[in-house]
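Colleague: Next up is a structure, given as structure tokens.
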Amino acid sequence: MSSARIKPSSLNWVASLVGLPGSQTVIHRLSRFKSADRFSVRTLLFILSILIILVSVLLFLSKRKAVIQAAWWDENWMYRRRIPVTNNTNQETDVYISLTLDTSDTSRFQTDCGDIRFIKENGEPLPYYIVSGCGTTTTTIHVNFDVFPAGSQNIYVYYGNPSAENGFSSSD
């Protein structure tokens, strides 16, 4: 079986593109290797493809927007959940929205749901009224916005403070 050799003229062309100093010596040494001792063009293209894919994935991941969360409102509350809310119209004032929460876990909620608090992203508490079902999987709560801006926003529900006084209003 004969060994294939790289033609020095093709290596000169590659070396001139790369700008290798002393390329004649490098070319002479490279041309003495057998083809089994070198990476094939197919292997080099495969490695280059993998590198391009990895760089693309890393760039994509680095450009993603970070999820911005509000700071923890009060350390006395053990739990919080983000609730996305959307107003598809213009800004409105004095608006109640109806939410359904699962308050059946009595180890996380007071039995009368008095430890629930709704907080805007800026830390401002929102008044609320429990309509029905405290201690059930379908607790209905009305949350009041003095100003309800157009578009999407997040509010946070805090719970899990056994010593909290009732935070809800007696009616809408």
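The values are calculated or read from the model by the stated rules, or taken from the named source; none is laboratory data. These numbers come from a predicted model, not from an experiment. For neighbour counting, all protein chains shown are included, and Cβ atoms are generated from backbone atoms with ideal geometry for every residue, glycine included.
Colleague: Exactly one condition in (1) more than 20 Å from the chain's Cα centre (by Cα); (2) at pLDDT 90 or above is false for Leu54; which is it?
Modeller: (1) is the only condition that Leu54 fails.
Colleague: When you look at Trp77, is it at pLDDT below 90 and aromatic (Phe, Trp, Tyr), yes or no?
Modeller: So Trp77 does not fit the description; no.
Colleague: Right, next: Within region 133-148, work out how many residues are among the hydroxyl-bearing types (Ser, Thr, Tyr) and buried (at least 17 other Cβ atoms within 10 Å of the Cβ).
Modeller: Matching residues across region 133-148 total 1.
Colleague: Could you check Ile68 against (1) at pLDDT below 80; (2) not in a loop (DSSP other than H, G, I, E, B) and say which number it fails?
Modeller: Single failed check for Ile68: (2).
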